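Report on the structure given below.
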Amino acid sequence: MTTMLASELPLPRIGRGKVRDIYAVGDDRVLLLTTDRISAFDVVMAETIPMKGAVLTQLSAWWFNQFESALPHHMISADADTIIGEVPALKNHRASLEGRAMLCRRTTVFPIECVIRGYLSGSAWKEYAAHGTLAGEKLPPRLIESARLEPAIFSPATKAATGHDENITVARRREIVGSEAARTLESMTRAVYALGERIGRGRGIIIADTKFEFGRDADGRIILIDEVMTPDSSRFWAVDVYKPGQPQPSFDKQPLRDYLDGERRAGRWNGEAPPPPLPASVVDATSKRYLEAYRRITGTDLKIAGVG
Ligand SMILES: Nc1ncnc2c1ncn2[C@@H]1O[C@H](COP(=O)(O)OP(=O)(O)OP(=O)(O)O)[C@@H](O)[C@H]1O
Ligand SMILES: [Mg+2]
């Protein structure tokens, strides 16, 4: 499998996010093509991370399969042959699809990111340490960094078109999606996270926090969409080295973030695009982290036909 920075498929491209290229398949389906792009601190790097797109797509597919009986979701198939069977126009583009493409039910996306936190970390820890709150709501006193939060805290954010997402209040959330949908999004978020957290923990990964997206399908049903509990949308920690009271080494972009922090401290990067070039060792270490996250959670190595 070759790495991919951007795709060119013979379908109408309706979007290009930081990581995915999105194509329309007729009126009611979309093809999500996860490239090997990587972003950190909201800046997309110039380099690709080998196997990253396949890890994100196949890990999401694995989770959708776990949730099959628990809740409705958007996945139709993440298998290249099945997708080509459904969309014959793609038959000469198998190599671009392999591992990284997911055919999905198209939805109208709710414009909020459903963030849920089971542990106090990152920006949430910073806010709590400064003000004793999370997303403006008071938390119990004397919590320590990386402490487990019980119950988990639902702290949705707006999907900012550019730049950083912003936490929003309960009232604002109701304004944006309506109070009935707001309730459904929260209960679905809690249900998926509880299920995923339990499965992850049993496999040696703490899913400290994560972000889901939901959309409304053609029948008006609210369904889980986008990527699910991947290293890009979540904070993964290893159960065996978890130690509250300090930051935890996280499973995903840590080598990349550490490198970029070093460049910033050295005054070689101002934190904005364009990013500094990445050494091969950082690219390689990051690719290994993604593959390791997949292996730990699913219990198998990621095998993509034509790779090896
Ligand atoms: N079933 C679906 N129907 C319609 N749109 C979808 C569906 N699933 C995912 N999407 C949309 O596809 C896009 C995925 O692209 P990507 O993740 O690269 O972009 P992003 O979310 O804008 O950026 P980032 O994840 O880096 O913040 C998102 O805008 C998401 O809302
Ligand atoms: Mg996204």
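Quick notes
Every residue, every condition in (1) loosely packed, with under 14 Cβ neighbours inside 10 Å; (2) under 23 Å from Ile153 (Cα atoms), yes or no:
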| site | (1), (2) |
| --- | --- |
| Gly196 | no, yes |
| Phe214 | no, yes |
| Gln246 | yes, yes |
| Asp252 | no, yes |
| Leu256 | no, no |
| Arg268 | yes, no |
| Ala285 | no, no |
| Arg296 | no, no |
| Asp301 | yes, no |
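- Residue match in segment 188-211 (condition: modelled with pLDDT under 95 and farther than 15 Å from Ile297 by Cα): no
- Segment 223-243, residues that are more than 16 Å from ligand 2 (Cβ to nearest atom), surrounded by 14 or more Cβ atoms within 10 Å (Cβ to Cβ) and assigned to a loop (DSSP other than H, G, I, E, B): Tyr242
- Matching residues in segment 202-234 - criterion: being within 11 Å of Ala293 (Cβ to Cβ), within 16 Å of ligand 1 (Cβ to nearest atom) and touching a residue at least 40 places away in the same chain (Cβ under 8 Å): Met229, Thr230, Pro231, Asp232
- Looking across segment 69-120 at every residue that is of a type in the set (Ser, Thr, Tyr) and surrounded by fewer than 21 Cβ atoms within 10 Å (Cβ to Cβ), the one that is nearest to Pro140 (Cα to Cα) is identified as Ser69.
- Residue count, segment 73-84 (criterion: in contact with a helix residue (DSSP H, G or I) (Cβ under 9 Å, 6 or more places away or on another chain) and not in a strand (DSSP E or B)): 7
Matching residues to (1) more than 17 Å from the chain's Cα centre (by Cα); (2) under 18 Å from Thr2 (Cβ atoms):
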position	(1), (2)
Thr34	no, yes
Ser39	no, no
Glu47	yes, yes
Gly53	no, yes
Ala61	no, no
Glu68	yes, no
Pro72	yes, no
Ile76	yes, no
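- For segment 17-41, a residue qualifies if it is farther than 19 Å from Met75 by Cα and either within 15 Å of ligand 2 (Cβ to nearest atom) or of a type outside the set (Phe, Trp, Tyr) (or both), and the qualifying residues are Lys18, Asp36, Arg37, Ile38, Ser39, Ala40.
- So Pro276, is it in contact with a Leu (Cβ under 8 Å, 6 or more places away or on another chain) and either surrounded by 20 or more Cβ atoms within 10 Å (Cβ to Cβ) or not charged (D, E, K, R) (or both): yes
- Pairs where the first residue, in segment 130-151, is without any contact (Cβ under 8 Å) to a residue 60 or more places away in the chain and the second is surrounded by 18 or more Cβ atoms within 10 Å (Cβ to Cβ) and of a type in the set (Lys, Arg), C-beta under 9 Å, 6+ apart: Leu134/Arg117; Leu149/Arg117
- Among the residues of segment 259-307, those that are of a type in the set (Gly, Ala, Ser) and closer than 30 Å to Asn65 by Cα comprise Ala285, Ser287, Ala293, Gly299, Ala305, Gly306.
- Number of residues in segment 189-221 that are part of a strand (DSSP E or B) and over 19 Å from the mean Cα position of the chain (by Cα) equals 1.
- Residue under evaluation Lys18, criteria (1) more than 19 Å from Asp232 (Cβ to Cβ); (2) within 12 Å of ligand 1 (Cβ to nearest atom), criterion not met: (1)
The values are calculated or read from the model by the stated rules, or taken from the named source; none is laboratory data. Since the structure is predicted, the reported quantities are computational estimates derived from the model, not experimental observations. We place every Cβ from the backbone using ideal geometry, glycine too, and count neighbours over all the protein chains shown.
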